[in-house]
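Student: Got a structure for you, written out below as structure tokens; questions coming shortly.
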């Protein structure tokens, strides 16, 4: 009798295991969490090329690594599907496969990054040494990831970056929100050509709203709100990463205002009250941005070590009401050449001698004293953000052919209240 009972239990266990295994990935290619898989990790590990992982509201205490190409990970409710690092786990979502979309969810409380998209991975799809972005990349050993989408994602209270794309090409970061990052809310690094668009995002209460380091070629930063940070936006060359110098980025139609927010993490070098800073870049276009109310300077163009600013065009911007509206601070070591300043609207504090298609004189900046930083864990929670329309019913969206054609003719100087309904800081 005992033997028969054991046999029955064994058969029952095998049947149950078989049913559980088959239910993780239905034939529809839509894996539901928690209906088909209890965790997001279980779902993405079961996913095949092109599948949709659809997650119902809940707090998920896990690091999700997506190693299968063309998977779409999507929450059914943006502020209800939360990947929480509990200030214990380094990353919320790590994407190391091409064509992946991450949509309509929240990542918070991680000791490094909310969402990390990177081609810098080992043979098993895990992160390789140096993937923190501060070691030089060997492009032949780590080819860039091809194609990504981060859309309608809320990244809050992450210690390093909110949304971080590194060694990746052909992607978008769009309609997302980042706050409480002790480095930058959105970061694009080490790509050439990038072929990336950062568009229609809100970044506030970060040390830096947006940072692009050695992000060159078809790099578009369009129509975002970078307000209420310590520094609004930076684009720079840095020898710590590959593809020096940074060049050929387009920064257009952004609202960059009031970046002197004390209720934010401290910026590493103590910078505060700066709207846009360009350091050591070449051939960049800044056009039709509204840059106002930044207490130190609205726009500063300078050098990065021995890398000079060269051939940058500053055209058709509104730069008013800042501590100093425009400052050209290139060093004697790397003085720069060929920078063009044309058709901009400046306030009463423009430096003397500033001419058309001229870099302008060296202008000393009286730095605004930076107040003590707020720990990233203590930055206030974000306001409710807009949902991805029809998130529960839209088919999977593999990230291919992005960002598509970028028509600068449609970009204009933004209004002063751009995306104010999505922001907590309204300067």
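Any read-out appearing in this document is the output of simple, stated calculations on the displayed coordinates, not a laboratory observation. The structure displayed is predicted, hence computed values, not measured ones. Neighbour counts run over all protein chains shown; Cβ positions are idealised from the backbone, glycine included.
Student: As a test of understanding, state the convex hull volume per residue of the stretch 287-342 from its alpha carbons, in Å³.
Tutor: 72 Å³
Student: For the chain, take the longest principal axis of its alpha carbons; what is the angle in degrees between that and the long axis of helix 2-24, to the nearest 10 within 0 to 90?
Tutor: For 2-24 against the chain, the angle is about 30 degrees.
Student: Moving on. Write down the percent of antiparallel bridges among all DSSP beta bridges whose residues are both part of the chain, to the nearest 5.
Tutor: Here the share of antiparallel DSSP bridges comes out near 0 percent.
Student: Where does each of 315-322, 331-338, 103-110 land if you order them by average Cβ count within 10 Å, highest first?
Tutor: Going from most to least packed, we get 103-110, 315-322, 331-338.
Student: Among rounded, prolate and oblate, which fits the stretch 236-291 when a ≥ b ≥ c are the square roots of the eigenvalues of its C-alpha gyration tensor, a/c under 1.5 means rounded, and a/b larger than b/c means prolate?
Tutor: Note, shape of the stretch 236-291 comes out oblate.
Student: With a point put 7 Å past each Cα toward its Cβ, work out how far residue 49 is from residue 315 in nm, to one decimal.
Tutor: Label at residue 49, label at residue 315, 4.3 nm between them.
Student: Using label points projected 7 Å from each Cα along Cα→Cβ, tell me how many nm separate residue 38 and residue 377, to one decimal.
Tutor: 2.8 nm
Student: Can I ask one more? Where does each of 247-255, 226-234, 261-269 land if you order them by average Cβ count within 10 Å, highest first?
Tutor: Those peptides, ordered most packed to least, come out 226-234, 247-255, 261-269.
Student: On to the next question. Test of understanding: extend the Cα→C-beta vector of residue 394 to 7 Å, then name every residue of the stretch 78-94 with backbone N under 17 Å from that spot.
Tutor: Once the point is set 7 Å along Cα→Cβ of residue 394, 78-81 turn out to lie under 17 Å by backbone N, inside the stretch 78-94.
Student: Here's another thing I want to ask about it. Can you tell me the Rg and the Dmax, both Å, for the Cα atoms in the stretch 32-422?
Tutor: 20.0, 67
Student: Also, quick follow-up: Please give the Cα centre distance for the stretch 168-231 versus the stretch 363-427, rounded to the nearest Å.
Tutor: After rounding, the separation between the Cα centres reads 9 Å.
Student: Another question, then. For n ≥ 4 DSSP H runs only, could you compute -39500 (n - 2.57) per run for the chain, divide by its residues and tell me the 222 nm figure to the nearest 500?
Tutor: Counting only the DSSP helices, I get -2500 deg cm²/dmol.
Student: Let me ask something else. Please give the peptides 50-62, 150-162 ranked by average Cβ packing (other Cβ atoms within 10 Å per residue), highest first, as a rough proxy for protection.
Tutor: Top of the packing list down: 150-162, 50-62.
Student: With the contact rule set at Cα under 8 Å and sequence spacing of 6 or more, what percent relative contact order holds for the stretch 221-323?
Tutor: Once normalised by length, the contact order is 29 percent.
Student: On a full-extension model of 0.36 nm per residue, what is the gain between residue 62 and residue 340, subtracting their alpha-carbon distance, rounded to one decimal in nm?
Tutor: Stretched fully, the residue 62-residue 340 segment lengthens by 95.2 nm.
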